[in-house]
Amino acid sequence: MFIGAKKYPIGAIARSQAGFPFRGSIQEIAGGSVAAVQMKDVDPDCGIHWRGVVRTDLVGRKQANWLRAGDILFVFRGTRFHAVCVDEPPGLAVCSPHFFHLRIKPAMQIDPAFLVWQINQAPFQRALQQGAEGSNQLSIRRPVFDCLSISVPNLPDQQSVVALDRLARQERHALQQLIRNRTQQLHALADNLARATVHFVPKTSQP
């Protein structure tokens with residue numbers, strides 16, 4: 001399938017900034033006023049697991065850049081660079097400084113899910129690896145990230161790609177579930193055989 005597209009640097013289509021500058025580890029506060037998304041809370045296939053996000057209160061004078069639906073979080077350090085879409089947050093929410101917080105510029109007709117999909121694909125991942133720095137742990141600086149190119153087709157084509165990706169993930173999930181179910185059946189069969197009492201009766205020789 002051929003799709004025509006124009007290339008843009010990410011900085012031209014989305015505004016990026018670092019997450020909220022927490023000092024040290026994020027302190028969990030029961031009944032805190034803000035949800036703080038950390039790396040443990042995001043998954044490339046499932047997005048943000050809001051149920052596990054800790055609540056806290058913000059301190060300091062830094063103005064919070066609140067998360068909202070349609071924003072994108074990009075993990076810019078570690079063994080795996082990846083992006084996720086932000087769905088509707090459960091109230092006020094920020095992300096930790098381990099993310100770049102992206103928001104698509106109003107003039108750009110770009111589906112956030114399409115941008116996330118392209119960031120997570122092999123061609124862009126290779127560009128990220130080439131631009132990454134560090135010896136013990138790779139990371140990519142925000143100015144370098146903003147200069148990397150993204151191919152942007154028209155909006156209907158973007159939405160077609162997003163729908164195809166969603167279908168592929170559903171099929172992958174169904175297949176993985178089928179494999180797990182079959183594996184559990186075989187394990188149960190093996191356990192039943194191990195618990196069974198088997199009597200071995202040797203054959204007697206014929207006169």
- For the stretch 122-135, state whether one or more residues are among the charged types (D, E, K, R), open to solvent by 30 Å² or more (accessible area, probe 1.4 Å) and closer than 20 Å to Gly78 by Cβ. yes
- Counting only residues in the stretch 1-56 that are within 19 Å of the chain's Cα centre (by Cα) and of a type in the set (Asp, Glu), the one farthest from His82 (Cα to Cα) is identified as Asp41
- Residue satisfying all of: in the stretch 54-70; open to solvent by 20 Å² or more (accessible area, probe 1.4 Å) and touching a residue at least 40 places away in the same chain (Cβ under 8 Å); farthest from Pro106 (Cα to Cα) among these: Lys62
- Please enumerate the residues belonging to the stretch 28-47 that are in contact with an Asp or Glu (Cβ under 8 Å, 6 or more places away or on another chain) and either modelled with pLDDT of 95 or more or more than 30 Å from Ala168 (Cα to Cα) (or both). Ile29, Gly32, Ser33, Val34
- Message: Return the pair list, or none, for Cβ contacts closer than 6 Å from residues in the stretch 95-121 that are farther than 17 Å from Phe81 by Cα to residues that are open to solvent by 50 Å² or more (accessible area, probe 1.4 Å) and not in a helix (DSSP H, G or I), at least 6 apart or on different chains.
- Response: Arg103/Arg15
- Item | Residue among Ser135, Ser139 that is touching a Phe, Trp or Tyr at 6+ places or on another chain (Cβ under 9 Å) and hydroxyl-bearing (Ser, Thr, Tyr) | Ser139
- Query: How about the stretch 136-160: which of its residues are open to solvent by less than 50 Å² (accessible area, probe 1.4 Å) and part of a loop (DSSP other than H, G, I, E, B)?
  - Reply: Ile140, Leu148, Pro153
- Exactly one condition in (1) of a type outside the set (D, E, K, R); (2) out of contact with any Pro (no Cβ under 7 Å at 6 or more places or on another chain); (3) over 23 Å from Pro156 (Cβ atoms); (4) surrounded by 20 or more Cβ atoms within 10 Å (Cβ to Cβ) is not met by Leu102; state its number. (3)
- Task: Quickly run through the stretch 71-96 and pick out the residues that are crowded, with 16+ Cβ neighbours inside 10 Å and assigned to a loop (DSSP other than H, G, I, E, B).
- Result: Asp71, Phe76, Phe81, Val86, Pro89, Ser96
- Task: Scan the stretch 31-41 and give yes if some residue there is assigned to a loop (DSSP other than H, G, I, E, B) and either surrounded by 15 or more Cβ atoms within 10 Å (Cβ to Cβ) or among the aromatic types (Phe, Trp, Tyr) (or both), otherwise no.
- Result: yes
- Message: Suppose the filter is open to solvent by 40 Å² or more (accessible area, probe 1.4 Å) and not in a loop (DSSP other than H, G, I, E, B); does Arg23 pass it?
- Response: no
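The values are calculated or read from the model by the stated rules, or taken from the named source; none is laboratory data. None of the values given here were measured: they were computed from a predicted structure. Every residue, glycine among them, receives a Cβ derived from its backbone with ideal geometry; neighbour counts consider all protein chains shown. Only protein heavy atoms, including side chains, enter the accessible area calculation; ligands, DNA and RNA are left aside. Shrake-Rupley method; radii C 1.70, N 1.55, O 1.52, S 1.80 Å.
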